[in-house]
Protein chains: 2
Amino acid sequence: MAKHRPLSEDALQLVAARFAVLAEPMRLRLIQALFDGERNVTDLVEATGGTQANVSRHLQTLTAAHILARRKEGLQVFYRISDPTIPKLCELVCGSLEKSLTRQIGHLAPG
Amino acid sequence: MAKHRPLSEDALQLVAARFAVLAEPMRLRLIQALFDGERNVTDLVEATGGTQANVSRHLQTLTAAHILARRKEGLQVFYRISDPTIPKLCELVCGSLEKSLTRQIGHLAPG
DNA sequence: CAAGTATATGCGTTTATGCTCATATAACGT
DNA sequence: ACGTTATATGAGCATAAACGCATATACTTG
């Protein structure tokens with residue numbers, strides 16, 4: 001498998017689409033709420049403070065992107081993180097932002 | 001520094017904003033074109049096939065997000081990747097997508 | 001079969017963002 | 001100073017997506 005070959009136009013659109021899915025605070029809240037494991041929708045609605053309709057939509061989006069997986073059990077539907085790269089991705093971005101913010105604080109209060 | 005503490009609402013918005021910057025094919029094309037090093041705008045316009053105006057705007061966006069850095073030299077402006085996590089981020093996403101696509105191909109042509 | 005609970009979805013509105021065209025700014029050469 | 005090249009930006013249009021409201025579907029229980 002090559003490592004740095006340039007991506008095709010189609011591949012770029014896929015990558016962009018994936019980033020777009022992660023570009024919504026509510027979806028990040030949902031992902032974060034699922035870091036500790038599976039949860040049902042009502043639970044996620046409470047955890048995120050969103051409306052049921054909105055949470056349901058975002059869960060759809062995340063599932064369609066193969067980031068979450070669904071498991072139905074009776075009346076309830078349980079969601080979980082199904083893509084193991086997601087936590088790493090979030091860590092990377094958080095780390096990068098921390099550095100960036102630290103730099104900015106440095107600018108505000110220079111030695 | 002804690003590793004998995006839940007992010008504040010502000011932090012979530014920052015993370016989302018960062019993902020949003022990466023959620024445009026043209027911007028990914030620009031980033032990709034800069035993997036091998038610094039380039040000026042005209043060069044990037046040719047490499048990506050976009051209009052000058054549009055490329056300039058996207059370069060602005062990427063620079064404002066501290067993903068790229070600018071260096072002016074005479075008439076030309078050279079851009080380069082300034083955030084070292086960007087290549088890793090792209091690798092992660094690409095790897096995840098490859099797996100996902102491989103699975104889908106498997107579904108189309110099952111054993 | 002009726003009622004209740006959990007989840008999903010159609011629709012309309014609002015907001016954000018990308019794109020193009022035209023023009024502005026900046027730096028260089030003559 | 002003037003023209004030319006490289007880059008940036010203002011305005012307007014078009015599209016996409018998030019949200020809320022209402023309602024539909026799916027399953028369970030009596």
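Can you tell me which residue within segment A:41-70, out of those that are open to solvent by less than 50 Å² (accessible area, probe 1.4 Å) and over 26 Å from B:LYS99 (Cβ atoms), is nearest to DNA strand D (Cβ to nearest atom)?
Step by step, filter segment A:41-70, then rank; the result is A:GLY50.
State whether the residues of segment B:32-48 include one that is in a helix (DSSP H, G or I) and facing another protein chain (nearest Cβ under 8 Å).
Yes, some residue in segment B:32-48 is in a helix (DSSP H, G or I) and facing another protein chain (nearest Cβ under 8 Å).
Note down all Cβ pairs under 9 Å where the first residue falls in segment A:15-40 and is without any contact (Cβ under 8 Å) to a residue 24 or more places away in the chain and within 13 Å of DNA strand C (Cβ to nearest atom), the second is open to solvent by less than 10 Å² (accessible area, probe 1.4 Å) and not in a helix (DSSP H, G or I), and they're at least six residues apart or on different chains.
A:ALA16/B:LEU22; A:PHE19/B:LEU22; A:ALA20/B:LEU22; A:ALA23/B:LEU22
Would you mention how many residues in segment A:71-87 are assigned to a strand (DSSP E or B), within 19 Å of B:SER96 (Cα to Cα) and open to solvent by 50 Å² or more (accessible area, probe 1.4 Å)?
1
Could you grab the pairs with beta carbons closer than 9 Å, sequence gap of 6+ or different chains, first residue in segment B:50-64 and away from chain A (no Cβ under 13 Å) and over 14 Å from B:VAL77 (Cα atoms), second one within 6 Å of DNA strand C (Cβ to nearest atom) and assigned to a helix (DSSP H, G or I)?
B:ASN54/B:MET26
Just one of B:ALA23, B:ALA53 is outside any helix (DSSP H, G or I), out of contact with any Asp or Glu (no Cβ under 8 Å at 6 or more places or on another chain), modelled with pLDDT of 95 or more and not aromatic (Phe, Trp, Tyr); which is it?
B:ALA23
Give the number of residues within segment B:10-31 that are open to solvent by 80 Å² or more (accessible area, probe 1.4 Å) and facing chain A (nearest Cβ under 8 Å).
Residues in segment B:10-31 being open to solvent by 80 Å² or more (accessible area, probe 1.4 Å) and facing chain A (nearest Cβ under 8 Å): 1 in total.
The values are calculated or read from the model by the stated rules, or taken from the named source; none is laboratory data. It should be emphasised that the depicted structure is a prediction, and the values quoted were computed from it without experimental measurement. Virtual Cβ from ideal backbone geometry, glycine too; neighbours counted across all protein chains shown. With ligands, DNA and RNA removed, areas are computed over all heavy atoms of the protein, side chains included. Shrake-Rupley method; radii C 1.70, N 1.55, O 1.52, S 1.80 Å.
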